[in-house]
Structure formats: C-alpha cells, structure tokens
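Novice: First the structure, which I've put down as structure tokens, then a few questions once you've had a look.
The values are calculated or read from the model by the stated rules, or taken from the named source; none is laboratory data. The shown structure was predicted, so the numbers you read here are calculated from the model rather than taken from an experiment. Every residue, glycine among them, receives a Cβ derived from its backbone with ideal geometry; neighbour counts consider all protein chains shown.
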Amino acid sequence: MMEYGYYPGCSLTGSAKRLDQGVRQLCKKLGHILTEIPDWNCCGALEYGDRNELVSISGENLEKARGMCKEIVVPCPACYKNLKDADPDRSFNILSPLELLSVENLSQIQQKRDLKGQVFFPYYGCLLMRPEGNSIKNRNIMEDVISAFGGEVNGENMKDRCCGGNQLFLNKWATEKLSTLILGKTKGTVVVFCPFCHMAMKTFAEGRKVIYLTDLLLYVMGENNSL
Amino acid sequence: MIKEKDHEIVFKYTGYRREDFSVCLGCKICASVCTVNDLAQNVNPQELLMKLFVGEKIEDDHPLVRYCTSCYRCTTACPWQIRIPEVVRAVKESLGMESRFEKAFKKSLNIWGRVYEPFVVAMTALDLLKGGYIKYMPKWMGYAGFHLPHKVKRIKPTSAPKGLNPSGEGRS
Ligand code: SF4
Ligand code: SF4
C-alpha cells in the first residue's frame, strides 16, 4: 500500500469528472491512498505565454504540497507537464496514474472479465509523451494493460500524434482535421488518458467508443457493466 | 504584427535570450514534424526563431501563431530541444491575440484560483453559438454536471491578463 498526494486539476472537477472518479476508484482497488493537496489551484494549462508566470502558478501547488507528500499523482497530462516544469530539481515525484500501473501489479487484481475479441486503439496524445524528459516512463503501458487482458491493440504509429484538442474552441476545423486523421488510420475503441483528447475524439469519432483507460480497467475488474 | 522592439517581451516571457537561437542549425527537422503541416502550407518553426534572432517583424496571421497546438513534436525532434511552442505562445500573447476563450480561462483563475467551466462557457456563449458548436451538445452531455465554483486560497495571486494589447478581444 502506498500513500500519495493527489492533484486532480480543474477539468477533473468538471468535464473530466469521470476520469477523477475512475482514478480514485482504481487507486482504492490497488490499495493506494490518495490525499488531495489542500487548496490546490489551477496549473495554468497551456494558456500562459509567460513561462515565469506559468511556473509560478504551478509552483504554488508544490508549495501547498510541501511537507505533506513527496509523491503526487496527477491524472491530467497538461497539469502533469506543468507540475514537472515547476520542479526542475525533481524535489517531488510527479506521477501519472499510468505510472502506478504495471503488468505485475495488474496480475494481482481480481479479474472478472477479459477483453478477448475486442479491438482497441490506445491513444496517448502529446503531453504524456513530450517534451522529452517529461514523459511517462513506460510509453507502452496502455498496450501492456490491454494485451494483458486479451484485447487486440492497433495504431502504434498514431498513438502520440496530436488531436488538436487545444484548438477545439479556437479553430474547431483544425481539431476536426487532426482528430479525423488519427481516427482514419486506426480502428476499434479509442482508449485515452487525457481530458482534451477525450473531448476531441468524442466530438469527431463517428460510431466509435471513446473511453478512459480507467473505464477499461474498472470493466475488467467487474465494476463497470459495459465499456 | 510584432515589431522588432517588441521582441524583448518574447525573450522575457520565454526565458530564452536572443543568442540562444544562434545554435539553430537550420536543419528544419522541426518543420518536417510540425503538426501544423496538416493545417496550413509552408510551416516552418525555424523561420519564426530566425525572425526573433535577427529582429524581423512577425505578422499576426503567421500560421504557427494561429494554429500551433503545443504538441511539442518540434521540441522533441530538435537537436537543441528548443521549446518552440512556448516561443509561439509568448509571441501570441505579446500580440494580444488570445481568444475570448483563453481570456475567460485566465479570468476564472484570477477570480477563483481555478477554472470554473460554467463561467468559461457563459463568457464564450456567443462564440459557441456563432461557431456552430451546438450540434455537438448531444455528444457533450457526458461532460455536463452541476457544481458550484470553489474559491481557493492563493499564495501568490495571479496578475491580470497582460500583453502589449491587453484589451484586444482576440481574433480567432
Ligand atoms: S508545438 Fe507547435 S510548432 Fe511545435 S510541432 Fe507542434 S504545432 Fe508545430
Ligand atoms: S529542429 Fe531545432 S535546430 Fe533544427 S531548424 Fe528547427 S529549431 Fe533549428
């Protein structure tokens, strides 16, 4: 059992509530304790041109966490990047929930269902993979998870392409074009871990399911009744 | 348009110095991987860096200023790992080209310390209406849910949105 600080970030309190609930539920199942950083503030996302300001906004969260925890679980990839950028000395261990998963610890979970006969496209997008030095450690973790439960995986060369999610409310045709390109070259249920990617894919995927990896895992554990 | 003398603000924002761009090899690997290639023609992040380096003006309809997605593909591919999206963002902000959506985001952060999505939606409702977003509402039902804004304690309150043209209403 491990104890972690938890930084949900703004979208997980609203449009990405599902990811928040999924992460909390999954961590509980894996025996991890998450404690929310008190009074955490927005990370600044990708909205600030002034790097000093962005680092200061995210750094404030680290100050709020100081003395409380050294390891912070951060589901949203934009928050994950910003908190890492605000901690160049790596005085904290900023972790995506994806980094709490491994095939070994998944083999210990109570599996109630498998994914045999189902096709998935694990889609990471940008900020879990880039910039280099900031990316998650196992860059195949979603494939590992899906395969471990018998699911079929495709779309390797599209998995870190950009969906254009942050243009959705500025130039939606751009997001449509970029997302459609990715969708056109892949098949099956789209499995994401980013609220931006979820929204972009959901908006432009016709006739394909878009789910968070947490939904998939909870389904395998018998929690969710359908994918 | 961003004039030569205004380049200083871009350097200040990004933390890069003018001479930091002198290492650029002109290899254009950044151009070959840039996501904006799928959206516009003649996309070349290196050209933007060179404009800053030699002090040339940058037009506000530059394709990167308009469409850069902050995907960091260029940074990862660049031999010097130059954080080009952060340069683009600094240029965009110093041009006062942030959209109403981006401004609403920052305003929410100023008020509550967090982004309260219903506020951002309310502030940009007209754009959503005019922009034809209503047709996506059925697909977006899963994102809706009622909660009240929560004001958090700040250690260092964020300054008001800034830029050379802070009152600009955004053109995208
Ligand atoms: S971050 Fe911007 S400039 Fe760099 S590759 Fe992506 S879209 Fe192009
Ligand atoms: S990849 Fe880097 S070094 Fe090469 S042209 Fe682009 S900015 Fe210059």
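Novice: What residue, among those in segment B:4-20 that are in contact with a Gly (Cβ under 9 Å, 6 or more places away or on another chain) and over 10 Å from residue B:87 (Cα atoms), is surrounded by the fewest Cβ atoms within 10 Å (Cβ to Cβ)? Lay out the reasoning, then the answer.
Specialist: So the first thing to find is which residues in segment B:4-20 are in contact with a Gly (Cβ under 9 Å, 6 or more places away or on another chain), and the list is B:4-5, B:7, B:9-10, B:13-14, B:18.
Restricting the remaining residues to those that are over 10 Å from residue B:87 (Cα atoms) gives B:4-5, B:7, B:9, B:18.
Values: B:4: 13, B:5: 8, B:7: 22, B:9: 20, B:18: 14.
For segment B:4-20, the residue satisfying everything is B:5.
Novice: Criterion first (outside the structural domain of residue B:118 (by TED's automatic domain parsing), within 12 Å of ligand 1 (Cβ to nearest atom) and over 28 Å from residue A:197 (Cα atoms)) does residue B:64 satisfy it? Don't jump to the end; show me each part of the working.
Specialist: Working: outside the structural domain of residue B:118 (by TED's automatic domain parsing): yes; within 12 Å of ligand 1 (Cβ to nearest atom): yes; over 28 Å from residue A:197 (Cα atoms): no.
When the stated conditions are applied, residue B:64 does not pass them.
Every residue, every condition in (1) within 18 Å of residue A:160 (Cα to Cα); (2) within 10 Å of ligand 2 (Cβ to nearest atom), yes or no:
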site: B:17; (1), (2): no, no
site: B:29; (1), (2): yes, yes
site: B:35; (1), (2): yes, no
site: B:41; (1), (2): no, no
site: B:60; (1), (2): no, no
site: B:65; (1), (2): no, no
site: B:70; (1), (2): yes, no
site: B:98; (1), (2): no, no
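Novice: A further question follows. Suppose the filter is within 16 Å of ligand 1 (Cβ to nearest atom), within 8 Å of chain B (Cβ to nearest Cβ) and touching a helix residue (DSSP H, G or I) at 6+ places or on another chain (Cβ under 9 Å); does residue A:171 pass it?
Specialist: The answer is yes for residue A:171.
Novice: Residue A:125 - would you say it is small (Gly, Ala, Ser) and in contact (Cβ under 8 Å) with a residue 24 or more places away in the chain?
Specialist: Numbers: small (Gly, Ala, Ser): yes; in contact (Cβ under 8 Å) with a residue 24 or more places away in the chain: yes.
Criteria met by residue A:125.
Novice: Of all residues in segment B:49-61, how many are within 14 Å of chain A (Cβ to nearest Cβ) and either in a helix (DSSP H, G or I) or within 14 Å of ligand 1 (Cβ to nearest atom) (or both)?
Specialist: The number of residues fulfilling the criteria is 2.
Novice: Further question: Got at least one residue in segment B:27-37 being within 7 Å of chain A (Cβ to nearest Cβ) and modelled with pLDDT of 95 or more?
Specialist: The first filter runs over segment B:27-37 and keeps only residues within 7 Å of chain A (Cβ to nearest Cβ), leaving B:35.
Those left that are additionally modelled with pLDDT of 95 or more: B:35.
Scanning segment B:27-37 turns up at least one residue that is within 7 Å of chain A (Cβ to nearest Cβ) and modelled with pLDDT of 95 or more.
Novice: Residue check, residue A:80 against (1) in contact with a strand residue (DSSP E or B) (Cβ under 9 Å, 6 or more places away or on another chain); (2) outside the structural domain of residue A:162 (by TED's automatic domain parsing); (3) surrounded by fewer than 20 Cβ atoms within 10 Å (Cβ to Cβ), all met but one. Which one?
Specialist: (3)
Conditions (1) farther than 23 Å from residue B:9 by Cβ; (2) under 20 Å from the mean Cα position of the chain (by Cα); (3) within 8 Å of chain A (Cβ to nearest Cβ), marked per residue:
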position: B:90; (1), (2), (3): no, yes, yes
position: B:94; (1), (2), (3): no, yes, yes
position: B:101; (1), (2), (3): no, yes, yes
position: B:107; (1), (2), (3): no, yes, no
position: B:120; (1), (2), (3): yes, yes, no
position: B:123; (1), (2), (3): yes, yes, no
position: B:126; (1), (2), (3): yes, no, no
position: B:138; (1), (2), (3): yes, no, no
position: B:154; (1), (2), (3): yes, no, yes
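Novice: Now, a different point. With respect to the numbered conditions (1) assigned to a helix (DSSP H, G or I); (2) surrounded by fewer than 21 Cβ atoms within 10 Å (Cβ to Cβ); (3) more than 9 Å from ligand 1 (Cβ to nearest atom), which one is the sole condition not fulfilled by residue B:31?
Specialist: (3)
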